[in-house]
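Heads up, the thing below is written out as structure tokens.
The values are calculated or read from the model by the stated rules, or taken from the named source; none is laboratory data. Keep in mind the model is a prediction, meaning the values are calculated, not measured. Don't worry about glycine lacking a Cβ; one is built from the backbone with ideal geometry, like all the others, and counts go over all protein chains shown.
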Amino acid sequence: MLTGAIILPFLGAMLHPLLGWCIQRASGSGVRLGVIVGFANLLTALIFFIYLRPSLDLNLVGKDWWAVGNGVIFFLGQWFSIQSVKSGDIAVHSSALGIKVVIVGFFSMLVGLEAASLGLIGGVILAVIAVYLAAGGSAEGWKVHRKTVGLTLIACLFFGTNDFLTGWQAQEVGATRWLCLMIGTSGLISLGFVFLRRRSLGFFTKTPRVGLVVIGAGLALGLQALLVNLAFSEFRQPTLSNVVYSTRGVLAVLFLLLIGRKADVRFRRKQAAGAVLMVIALAVVLW
């Protein structure tokens, strides 16, 4: 049965390749990473607040502080994820990002949020093979993309923890309050980054096209984050939602083909096989 736990993360997965393309275009035009992360997270916060329209009581009590801490975790995940996309292959990053479901599944099973699964170990093994294939399926390919994979795995640690905490605790605080405190915290950190790099913002007036790409990255990130976090907080099936979200690897391969990104045909085939295997691996985690 199709529910928001499936539909929302799939829509988010469709936005992921576009987000990666915008980040690469912006960084390739000389925009600093801190500016990209800062603007992306500020627009993300704006989108969340416009959609959720919270009436926030800023008197933080109890598990409100968990949401604030989760906002810091979310920001760190964004930082390492964007750093990975900056100079790497979008399809490699998108496929490797699927590893985070293992973290979500492990913690969810520990606290009883989701049923224990004997498929976790099998899913991990398949996921490792999937990442290897996505990176080219050879020692040379792994060497070329090891930085992208490494940074993505660090991002997975933060994102996986973020997804788990949202699925586990958001209902106790209230989904709207949790998400707004979380994204608001990330937005405040980002505001500091943008302020510190304010002298680098001249591209908005000198090269408006670059500015539009930066804004595009922020809008794609904001909508994607909103869709996925609504799925986690409202439907409370973070492992299932992450399996669906892992289709972003397949969509990234298709996106690169559509925009005519040059690459060896055998490499793209291995990437596609790795992306499909990642979806299978994460489905096995649910078994």
Answer yes or no as to whether Ser81 is at pLDDT below 80, surrounded by 24 or more Cβ atoms within 10 Å (Cβ to Cβ) and within 24 Å of Gln237 (Cα to Cα). no
If Thr185 meets every condition in (1) over 26 Å from Leu46 (Cβ atoms); (2) among the β-branched types (Val, Ile, Thr); (3) under 18 Å from the mean Cα position of the chain (by Cα) apart from one, which number is that one? (1)
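If you take just the helices (runs of 4 or more DSSP H) that sit entirely in the stretch 120-228, which of them hold at least 3 residues that are surrounded by fewer than 16 Cβ atoms within 10 Å (Cβ to Cβ) and of a type outside the set (D, E, K, R)?
139-173, 175-196
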Residue under question is Gln83, and the condition is that it be within 23 Å of Ala135 (Cβ to Cβ) and in contact with a helix residue (DSSP H, G or I) (Cβ under 6 Å, 6 or more places away or on another chain); does it hold? yes
What is the residue count in the stretch 14-24 for residues that are more than 18 Å from Asp89 (Cβ to Cβ) and surrounded by 23 or more Cβ atoms within 10 Å (Cβ to Cβ)? 0
For a quick check of your reading of the model, give me the residue pairs whose first member lies in the stretch 172-194 and is closer than 24 Å to Gly38 by Cβ, whose second is of a type in the set (D, E, K, R), with beta-carbon atoms closer than 7 Å and at least 6 apart or on different chains. Leu181/Asp64
Name the pairs: first residue in the stretch 233-259 and at pLDDT below 75 and of a type in the set (A, V, I, L, M, F, W, C), second residue in a loop (DSSP other than H, G, I, E, B) and crowded, with 24+ Cβ neighbours inside 10 Å, Cβ to Cβ under 9 Å, at least 6 apart or on different chains? none
Search the stretch 3-13 for residues being of a type in the set (Val, Ile, Thr) and part of a helix (DSSP H, G or I), and hand back the single one that is surrounded by the fewest Cβ atoms within 10 Å (Cβ to Cβ). Ile7
Of the conditions (1) surrounded by fewer than 23 Cβ atoms within 10 Å (Cβ to Cβ); (2) small (Gly, Ala, Ser); (3) under 30 Å from Met109 (Cβ atoms), Ser241 clears all except one; give me its number. (1)
Answer from Ser55, Ser27 - the residue that is of a type in the set (Gly, Ala, Ser) and buried (at least 19 other Cβ atoms within 10 Å of the Cβ): Ser27
Can you spot a residue in the stretch 88-102 that is in contact with a Cys (Cβ under 9 Å, 6 or more places away or on another chain), outside any helix (DSSP H, G or I) and at pLDDT 75 or above? no
